[in-house]
Each structure stands twice: as C-alpha cells, then as structure tokens.
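Working notes for the structure below.
Every number here is computed from the coordinates shown, using simple stated rules; none is lab data. Values in this document were obtained by computation on a predicted structure and should not be read as measured data. No Cβ is skipped: glycine too gets one built from the backbone with ideal geometry, and neighbour counts run over all protein chains shown.
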Amino acid sequence: MRNKINKRNVTFLHPGNAIITNKSRVIYTVLGSCIAVTMHVPRLKIGAIAHCLLPAPGLSENCECSDCTYKFKYISCTIPLMLESLQRYRINLDEIEIKIFGGANLIASNGSKRTSKSIGSQNADLATRIIEETNLKIKSLDTGGSVGRKIYFFTESGEVYLKRIKRTEIENTKDVLIS
C-alpha cells in the first residue's frame, strides 16, 4: 500500500464529514461504532466517502438534512445526500459501487444484559437498510464485531484498504485490500 500513497494526496476525514471528488485522492479515517460509507463511480472515477456517527437525529434536534450543519453526522441524512450529489454528475444509480465499514461494539457490557442494540449495530443496520431500500447493491461490507477500523479510500479506483484495530493489539494489525 505504501507505494500507492503520495502524501500530498492524502486527506484525513473527520467524524461527521464527507468528501465527494473527481480528483485522485487517498482519504483515510478511523472508525469504532461510527460508519464509513464509500461510493465510487468507475466510469467517471468519482469517489465519495462519509464518516457518520449516529443513525439519525434525535427527536429534540432540529435537523432538516439538506440545511442542517451536522447533516453528515447522521446516516439517515448522509446516504441520500451522497446519492443526490453523485446524480449531479449525470450517472445512473446502478453505476455506483458502495462499501460500508465500521459499526463496531467497542464498549464492554460489564456482564450486564443488553436490552437494546448497540450504536454500532444500529449504525450498520440503518446504512444497509437505506442502501437496500434504494435498490442499490453493497459491493463490500465489513461491520460489527469488537474491533475498530482504519480505512484508506482511493477515490479514483474505489479500492479500500482496511486495518483492524483492537484496543489491546494495535501493533498486530494487518492491512487488507477490499476491492
């Protein structure tokens, strides 16, 4: 992977943000319970990635997705906005390759019984459901579990390199190409 990355083209994606570009970039982010959604249009070499923190705005939050300052914080807002932005390039939705990462359960339960799903599970479930309801296909999915992830998204090719990050074994991680 090192020979494919030019440091001038590398951008860190902060939580609650998204990038859509037709320029060759490497965008990386670190995920725990959050979800990263990548979208790639091979014909036009357009890449999009978002780092979402929560499934949807709470009832007390006044967030209309298109006007909200925090729109990329929420999966329910982000995926439709990404698709809308990509359609401005006059593409067909079936051209989009979609990959979803993250949604880990990193908080120990301390032996207590859980009565509801973790935030990570809710994030992964909602992202998958929105994509499926839009009649799109997910090319790759790596969600859940108890490990964090660091991903590198190559906007021109749509490739994603993934590094699993366990809290206790960060040194023993392996890079995996998800193509």
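Below is a table of values for the structure above.
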item	result
Segments 73-81, 96-104, 126-134 sorted - mean Cβ within 10 Å per residue, highest first	96-104, 73-81, 126-134
Estimated vicinal HN-Hα couplings, Hz - region 28-44 in sequence order (Karplus 6.51, -1.76, 1.60; Gly, Pro = x)	10, 7, 10, 10, x, 7, 5, 10, 10, 10, 10, 10, 9, 10, x, 4, 9
Linear extension gain, residue 137 paired with residue 94, 0.36 nm per residue minus alpha-carbon span	14.7 nm
Protection-proxy order for peptides 153-161, 15-23, 87-95, each taking the mean of Cβ atoms within 10 Å per residue, highest first	153-161, 15-23, 87-95
Listed pairs 117/166; 99/163; 45/99; 137/166 exceeding 18 Å between Cα atoms	117/166; 137/166
